[in-house]
1. Quick check on my filter: what residues within region B:138-188 are touching a Lys or Arg at 6+ places or on another chain (Cβ under 8 Å) and of a type in the set (S, T, N, Q)?
2. Tell me the residue from B:G334, B:G356, B:G347, B:G304 that is open to solvent by less than 10 Å² (accessible area, probe 1.4 Å), under 29 Å from B:R148 (Cβ atoms) and at pLDDT below 90, please.
3. Please name all residue pairs, on different chains or six or more residues apart, with Cβ atoms under 6 Å, provided the first residue is in region B:309-326 and is hydrophobic (A, V, I, L, M, F, W, C) and the second residue is not in a helix (DSSP H, G or I).
4. Exactly one of (1) facing chain B (nearest Cβ under 9 Å); (2) touching a residue at least 40 places away in the same chain (Cβ under 8 Å); (3) open to solvent by 80 Å² or more (accessible area, probe 1.4 Å); (4) not hydroxyl-bearing (S, T, Y) is unmet by A:N95. Its number?
5. Look through B:S421, B:S410, B:S430, B:S397 and report the one residue that is under 23 Å from the mean Cα position of the chain (by Cα) and either open to solvent by less than 60 Å² (accessible area, probe 1.4 Å) or under 19 Å from B:S349 (Cα atoms) (or both).
6. Quick test of your reading of the structure: B:L131 fulfils all but one of (1) surrounded by 24 or more Cβ atoms within 10 Å (Cβ to Cβ); (2) touching a Phe, Trp or Tyr at 6+ places or on another chain (Cβ under 7 Å). Name the failing condition by number.
7. Being touching a helix residue (DSSP H, G or I) at 6+ places or on another chain (Cβ under 9 Å) and within 11 Å of another protein chain (Cβ to nearest Cβ) is true for just one of B:T181, B:T196. Which residue is that?
8. For region A:56-79, enumerate the residues that are over 10 Å from A:N43 (Cα atoms) and either touching a strand residue (DSSP E or B) at 6+ places or on another chain (Cβ under 9 Å) or of a type in the set (V, I, T) (or both).
Amino acid sequence: MIGLNHYLILGTCLFGIGIYGVLSKRNAIAVLMSVELMLNAANINFVAVNHFIRPDQAIGQLFAIFVIVVAAAEVAVGLALILSIYRHASSTNLNDFNLMKW
Amino acid sequence: MGYLLLAPEMLLTVLGIVVLALGLILPQRGKKVTGAVAMIGTLGILVVVFWQFGYEAEFFQGVYGIDAYSHFFRVLFLSAALIIFAMAGNYLHLFSERQSEWYSLMLFATLGMIIMASSGDLITLYVGMELMTISFYILSAYLLDDGRSAEAGLKYLILGALSSAVMLFGISLIYASSGSTVFAVVYQTLQAQVVTQPVLIAGIILLIAGFAFKIALVPFHMWAPDIYQGAPTPVTAYLAVGSKAAAFAALLRILVTALPAAHYNWTMLLAILAAVTIITGNLIALAQRNVKRLLAYSSIAQAGYILVGLAASNVYGFKGVLFYAMLYVFSNIGAFAVATLVETQSGSSDFDAFSGLAKRAPMLAAIMTICMLSLAGIPPMAGFAGKFYLFSGAIQSGYLWLAFIGLIMSMVSVYYYLNVSRLMYIGKSSEQSVPVPAMARVALLVCLVGTLIIGIYPQPLSQFAEIAIQVLY
């Protein structure tokens, strides 16, 4: 029987994979994708908790919808920023963006 | 008053959209109007907020609440936005035809901050925070021709999104252990629980980590210097003052109303973060050769001082947090305003650009010095009164060592603040004068007067902060 714990573990694993991606990927777009994984990990938690603990109130599902909308806005801005920096550096590799240090 | 209490939020939304639309409709020559519309509108909304003082209401079963605490932060954010609009002036020419969008995004960022400070629910808080942060992603990358600005935008985007995701995961864990996202309900549910669940502890830690990113506390501060240096200077000023104060406002409200220290002792965690932040921020600032970067590290250290009040977790400390956040508006924006004007004239914010400023523009040099002395905490400037509240709060709750670290590091900070003054007064001068537009002059005077008056006569602001704090108990 699959219960709340399975979903929470799935969410945590996904979150861990996302953090690993953000820290290890060098491509700006791949990093954005990893951030999306982390947001979706939180979404899984929200929906699972809503279903198993408080099925009477739809707070968790509501939160998940808000997160999806905000994530879409974030990605739209993110891709625009990556385009804008690509015009300067002709690269999306984060190692190339080092005009400012310490 | 009912829903009329939400008028400032609604008016701010309308104003943002109107400014955006005006920029699209008006021909190129008429676009200067948008700046005036934004400024007059913000001033009008500030008046509305003053007019609403004393009224309180809760909306949607505690999801959003207007009380003295919200009033305090509304005043703070709106006046910060207003001063920055006034001081930005000539700098905006760098944005060429995109000025009206700049005003509009600044207004939306302000709206996000106000929502953060008044939200009584984690969903509202999250949406407000993202409204603020996403506006700032765009604002930091606003100088399209400057590679550094684009780099700042991208770095802020990646680290900001990462921190939001971390915080969101923490929120999901708090929701899992309490079954609700409304602060008051979370408090009641958690109080009824006999054993503290490890899930909840993890949630609180992730939540505080997410906020620490926004406030730029060590070890979550790596983004701040790069973004402060690369972003357009007026945006940097708002980022340093507004987004920090908003994160503090939300953090304080959550910690006091949803997760009180009596049950989960987070004060030691915050005290250690504060100590590390104060030490690191001040020590790295010593080595900086660029004024914007110097102010970035100094603002990391300042965030540490404010956190001392939060760690103290008594009325004195909380009052200090609000008091300091308000005086920080005047002192820090004053310093950034001078940096903006010098950068507009010379195109650089390195130390060389400030050399001999006292001969070229005596008023600017004097205001910069006074603002920096205030940040260092020298009486009779405002910073002294603020630090007095913060550190006495810490001593009252037994964090004597924290107050000592704060005092010693304040002395260290005098060195790098006065180093800038030394350069301005003794350094070699080029003969170019620095033009100061009329509006920027008003903004500078407001900052100067604010810094001095709060320092000499702190009573009214202190009472205002105390009334705001009472709401939380």
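The values are calculated or read from the model by the stated rules, or taken from the named source; none is laboratory data. Model, not experiment: these values are computed from the prediction. FYI the Cβ positions are ideal-geometry reconstructions off the backbone, even for glycines, and counts take in every protein chain you see. Accessible surface areas use protein heavy atoms only, side chains included; no ligands, DNA or RNA. Shrake-Rupley method; radii C 1.70, N 1.55, O 1.52, S 1.80 Å.
1. Result: B:S163, B:S180.
2. B:G356
3. Once the first residue is hydrophobic (A, V, I, L, M, F, W, C) and sits in region B:309-326, its partners that are not in a helix (DSSP H, G or I) give B:A312/B:S397.
4. Just one mismatch for A:N95, condition (1).
5. Going through B:S421, B:S410, B:S430, B:S397 in turn, the sole match is B:S410.
6. (1) is the only condition that B:L131 fails.
7. Values: B:T196 fails: within 11 Å of another protein chain (Cβ to nearest Cβ).
None of the other options fit; the residue is B:T181.
8. A:I59, A:V69, A:V70, A:V75, A:V77
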